[in-house]
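Working notes for the structure below.
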């Protein structure tokens, strides 16, 4: 099984070309499109997508992920082997969260031209390197056949919550930020569930303060926002039908403060 995500979109031929190359190498490959509408060139957002979507697939799945604004530069094409599966794509931070969250991991530099497609330029590594690597992996070619082991890969900065000195010594306070915004305008923070060990929760974004957890989206009053335990494993700021992003005019990187009392 090969999953495939990219920022290629649905109207250009790029995703179809990559799938054609894969199937020309392994006609029996099962290709599952995760999304080709990822934000163009937005490696950080794509890293959250990959780290959220890919690990739920069966162990051994091959994940082909291509968001590659540095194509043709000296960034490396890589293959990761983890306990959950294989990840093929550019070494530009795209697999940073996967790397950090994996217990067993090894990275390989895709350099063996035996497993390349005879392309015509240096602007389409998805066709010439990544797609073929995924296809040959699906045929059982061992990872070490593709190139040398790498000691490290590029990691984007994904800051964790920073604990602050609480006012009057009460409870715990953390400074965090928005790390992802979905198409509904829900704001995903970098506060994981494991932090939420106390019943009373307050979050401040700018001049707005929200208290407590909503059990679901429908329970949030229209025009209001609330905190909710989102499906990606982090605390979210959400609205009921309405976009929390628009209500708060927030963006990725917007600072948020969390109090656990």
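The values are calculated or read from the model by the stated rules, or taken from the named source; none is laboratory data. Keep in mind that this is a model prediction, so the values were computed, not measured. In this analysis, Cβ positions are derived from the backbone assuming ideal geometry, glycine residues included, and neighbour counts consider all displayed protein chains.
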Strands (runs of 3 or more DSSP E) lying entirely in segment 42-160 (those with 2 or more residues that are surrounded by 14 or more Cβ atoms within 10 Å (Cβ to Cβ), under 15 Å from the mean Cα position of the chain (by Cα) and in the same structural domain as residue 32 (by TED's automatic domain parsing)): 61-66, 85-90
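Residues checked against (1) at positive phi; (2) out of contact with any helix residue (DSSP H, G or I) (no Cβ under 9 Å at 6 or more places or on another chain):
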position: 172; (1), (2): no, no
position: 177; (1), (2): no, yes
position: 185; (1), (2): yes, no
position: 190; (1), (2): no, yes
position: 194; (1), (2): no, yes
position: 206; (1), (2): yes, no
position: 236; (1), (2): no, no
Residue within segment 57-74 that is out of contact with any strand residue (DSSP E or B) (no Cβ under 7 Å at 6 or more places or on another chain), at pLDDT 95 or above and within 19 Å of residue 135 (Cα to Cα) present: yes
